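The structure appears right after this line, and notes come after that.
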Amino acid sequence: MDDIELLVDLHRSADRQGPGGDAETRRALELAGLDRSRRLKIADIGCGTGAASILLARELDAEVTAVDFLPAFLDTLRARAHEHGVAERITPLHASMEALPFAAGAFDVIWSEGAVYNMGFEAGISAWRQFLRPGGMLVVSEITWLGAQRPAEIQAHWASEYPQINVASAKIGILEQHGYSPRGYFVLPPHCWLENYYRPMQDRFDAFLARHGHGDQATAIVAAEQHEIRLYERYQDHYGYGVYVAQWPGVG
Ligand code: SAM
């Protein structure tokens, strides 16, 4: 198995593949102030196993197109959507976020939690805007510095992992430069990382290692995840996920 297959095996049974929470998804929904009087079309980009897609399909009168490039995650999403009684409202789509097969103006909402970093925030928000109808909403979470000063260790870590990490004012500026009208921003609280994402992952480590005979590759993956967790535990005051809500201009 290569590293991607091992990572899929570690994460495919999880409810989410990144920091987040149902209450925070609802908070972003409130900030978006959607017109709920009509059926909404929503694209959830980098949906993983469907944490946001399922909540949006359950709580809104919406058709959700759930996009991911890992078929195994979409399989889990399909099964979970059935369990929650929303399979008819969710269309799983195996596609790359960098080459989405959508028509211009097809969606009322583009939603993306913990995923835009894969193509980079600016590339993502500028490529996806064409798929929003006039007046449509973008809701996207992105790794963000929480202030201007930070310790050297965490600065060096993110400079190597994701050099586009920046403060919220810079991210909001990028949204404005690309024509969006920012409507809201908040930071995911630590429980979205620790209780909702990292602890359930740690609970899967033993079975994961056993499934893979405690091999070198699997052991290295667990060590890398543990390192990331330790960094967050130590430096959570300095970085987090910012949730950005922005409107594409016009009246739909
Ligand atoms: N949104 C989910 C959540 O919050 O639980 C998943 C977040 S996970 C950190 C990032 C997701 O983006 C993964 O499911 C991964 O497979 C997907 N992804 C990464 N690169 C992608 C690409 N180029 N196209 C589509 N999906 C991609």
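The values are calculated or read from the model by the stated rules, or taken from the named source; none is laboratory data. Keep in mind it's a predicted model, so treat the numbers as computed, not measured. Reconstructed Cβ throughout: ideal geometry from the backbone, glycine too, with neighbour counts over all protein chains shown. Side chains are part of the model used for accessible areas, which takes the heavy atoms of the whole protein and leaves out ligands, DNA and RNA. Shrake-Rupley method; radii C 1.70, N 1.55, O 1.52, S 1.80 Å.
Here are the numbers for the structure shown:
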{"read-out": "The one condition in (1) closer than 30 Å to L132 by Cβ; (2) in contact with a Lys or Arg (Cβ under 9 Å, 6 or more places away or on another chain); (3) surrounded by fewer than 18 Cβ atoms within 10 Å (Cβ to Cβ) that N196 fails to fulfil", "value": "(3)"}
{"read-out": "Hits in the stretch 126-151 (condition: within 17 Å of A28 (Cα to Cα) and either in contact with a Pro (Cβ under 7 Å, 6 or more places away or on another chain) or among the aliphatic types (A, V, I, L, M) (or both))", "value": "M137, L138, V139, V140, I143"}
{"read-out": "Breaking point among (1) within 27 Å of D35 (Cβ to Cβ); (2) open to solvent by less than 50 Å² (accessible area, probe 1.4 Å), for F73", "value": "(1)"}
{"read-out": "Residues that are open to solvent by 20 Å² or more (accessible area, probe 1.4 Å) and of a type in the set (A, V, I, L, M), drawn from the stretch 199-239", "value": "A207, L209, A210, A220, A223, A224"}
{"read-out": "Residue count for the stretch 114-145, restricted to those that are away from the ligand (no atom under 13 Å from the Cβ) and not aromatic (F, W, Y)", "value": "13"}
{"read-out": "Subset of the stretch 205-221 (residues that are in a helix (DSSP H, G or I) and over 21 Å from the mean Cα position of the chain (by Cα))", "value": "F205, D206, A207, F208, L209, A210, R211, D216, Q217, A218, T219, A220"}
{"read-out": "Search result, residues across the stretch 36-66 that are surrounded by fewer than 16 Cβ atoms within 10 Å (Cβ to Cβ) and touching a strand residue (DSSP E or B) at 6+ places or on another chain (Cβ under 8 Å)", "value": "R39, D61"}
{"read-out": "Hits in the stretch 141-185 (condition: aliphatic (A, V, I, L, M) and closer than 16 Å to G33 by Cβ)", "value": "none"}
{"read-out": "Of all residues in the stretch 9-47 being at pLDDT 95 or above and among the acidic types (D, E), the one that is farthest from P189 (Cα to Cα)", "value": "D9"}
{"read-out": "Scan of the stretch 85-113 for residues that are of a type in the set (A, V, I, L, M) and more than 9 Å from the ligand (Cβ to nearest atom), ordered by number", "value": "V86, A87, I90, L93, A103, A104, A106, V109, I110"}
